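In what follows, a single structure is set out as structure tokens and then discussed.
Derivation of every value follows stated rules applied to the coordinates shown; laboratory data play no part. Everything numeric in this text was worked out from a predicted model, so none of it was measured. All Cβ positions, glycine included, derive from the backbone under ideal geometry; neighbour counts span all protein chains shown.
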């Protein structure tokens with residue numbers, strides 16, 4: 001957000017084609033984070049203790065309850081292209097619960113935050129424990145940064161689409177096997193794992209339009225450079241969200257929490 | 001657990017300093033003492049990565065301030081940190097002071113520009129995001145008052161500050177740094193000007209952070225800013 005602006009030298013190359021740009025974004029992601037976050041790896045392997053798993057669930061609640069809603073809504077506000085904006089609207093309904101449009105569709109799926117609470121209950125945590133948790137400071141910084149970049153002028157609407165894309169790619173890759181791992185290693189009942197099924201289905205439906213929008217609208221070198229930067233930042237933020245719960249599991253003391 | 005107990009300005013500042021003392025037991029204020037040359041170069045590279053954000057958060061405070069007299073003092077602070085040399089003074093801007101220090105450790109203009117155009121570290125990204133957000137969205141008295149955390153560090157223990165600079169001067173010379181004055185100019189300038197600035201921060205707290213709600217927000221901002229180290 002305080003980077004020096006791109007100059008003539010940075011912008012002299014022509015823009016990549018749409019397909020090449022999407023490949024470039026994937027390369028950026030692979031270069032920046034070639035391996036799964038350590039916390040996720042330990043969950044997949046069944047090596048994360050249940051106690052630390054519970055910490056992760058409590059600490060991530062604010063993300064599903066607030067950060068996803070606010071940061072996605074903030075990009076919606078900035079988007080003047082109706083086709084893309086409509087897709088973001090669909091995404092907001094996914095996040096807030098498809099039951100919002102029950103009268104039109106008959107859908108009954110609740111909000112991600114509600115599904116996350118049910119997942120927590122499956123692990124033996126009460127709703128009150130989850131909702132009254134004081135976030136790790138690192139998580140608080142990461143969530144605030146995401147909301148700030150999304151809401152204010154630091155990111156354009158198109159940077160915002162790159163952020164949504166990064167969030168979905170990251171979520172698809174990191175949460176993909178977590179539901180299975182819960183059954184296999186942690187005895188979480190199937191009925192508590194609806195979050196993972198719903199989320200993966202939703203993400204799979206959003207990635208294609210995000211790619212299409214980025215390939216089409218990032219048609220200048222500068223738009224491509226800033227969108228790629230936003231994608232990297234969102235990946236940084238997502239990965240930072242997983243650091244404190246991992247530190248809690250691997251250090252002697254609990255990481256700092258918000259007062 | 002922080003409270004919203006309404007206190008006099010002096011007592012509130014005393015309470016905030018108590019938070020600082022507690023936090024510093026586990027997370028001492030960082031500087032370059034005892035670091036190898038390689039580590040100093042790394043920390044300078046990290047400092048340049050993603051550019052300088054001083055104008056962003058100080059500028060947000062200026063924009064939001066509704067008291068003319070304080071706003072103009074804040075403008076003067078923008079001048080102090082944005083370059084006294086613009087107005088015939090001797091001190092260049094903070095980003096330039098940073099560059100001068102980095103040149104002495106072998107960083108080139110090209111490398112610094114490349115770093116400042118590039119991404120900050122993930123940790124720096126989230127701390128900055130939080131910090132700019134706070135300065136943009138909180139009441140201006142909280143934003144200015146929270147400057148006490150870093151700038152006030154020099155006021156708490158000025159002797160230590162002077163001794164640290166002396167120690168760094170010796171260590172830099174032993175590392176073969178040619179122009180130690182330039183290498184330490186950022187730290188030396190700050191040792192003096194930060195004391196003035198923190199007096200300004202405290203003045204704003206005493207005059208304007210005068211409701212239970214504002215005092216609660218300042219306590220929270222102060223602690224979260226302290227936690228920039230150690231999170």
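Helix A:112-122 axis versus longest C-alpha principal axis of chain A: approximately 30°, rounded to the nearest ten. Taking a virtual spin label 7 Å from the Cα of residue B:63 along the C-beta vector, which residues in segment A:68-88 bring their backbone nitrogen under 20 Å of it? Counting only backbone N, you get A:71, A:74-79. Peptides B:92-101, B:113-122, B:158-167 ranked from most to least packed, by the mean per-residue count of other Cβ atoms within 10 Å: B:92-101, B:113-122, B:158-167. Listed from fewest to most Cβ neighbours within 10 Å, the set B:185, B:76 follows the order B:76, B:185. Cα centroids of segment B:152-211 and segment A:174-246: 43 Å apart.
Quick one: angle between helix A:68-78 and the longest Cα principal axis of chain A, in degrees between 0 and 90, rounded to 10, please. Once rounded, the angle reads 20 degrees. If each Cα of segment A:187-243 is one equal point scatterer, what is log10 of I(q)/I(0) from the Debye formula at q = 0.29 Å⁻¹? Log10 of I(q)/I(0), two decimals: -1.06. Rg/Rh for segment B:9-228 stands at 0.96; both radii use Cα atoms, and Rh follows the Kirkwood definition. Averaging over all projection directions, the Cα-based convex hull of segment A:44-250 occupies 11.6 nm² in the image plane.
Put in order of Cβ neighbour count within 10 Å, fewest first, the listed residues B:13, B:33, B:126 become B:33, B:13, B:126. Of the peptides B:78-91, A:138-151, A:210-223, the order by per-residue mean of other Cβ atoms within 10 Å, starting with the highest, comes out as A:138-151, A:210-223, B:78-91.
Principal axis extents of the C-alpha atoms in segment B:1-59 (largest first, rounded to whole Å): 47, 31, 20.
Expressed in Å, the radius of gyration and Dmax of the Cα atoms of segment A:103-175 are 15.9, 42. Using the alpha-carbon positions of the protein assembly as shown, Rg (one decimal) and Dmax (whole number) come out as 24.1, 76 Å. The mean number of Cβ atoms from other chains found within 10 Å of a Cβ in peptide B:45-58 is 2, as a whole number.
For chain A, the longest principal axis of the Cα atoms and the long axis of helix A:194-217 meet at an angle of about 10 degrees. Entry note: segment B:124-203 has Rg to Rh equal to 1.09, where both radii use alpha-carbon atoms and Rh is the Kirkwood radius. From other protein chains only, count the Cβ atoms within 10 Å of every residue's Cβ in A:246-256, then give the mean. Average per residue, whole number: 1.
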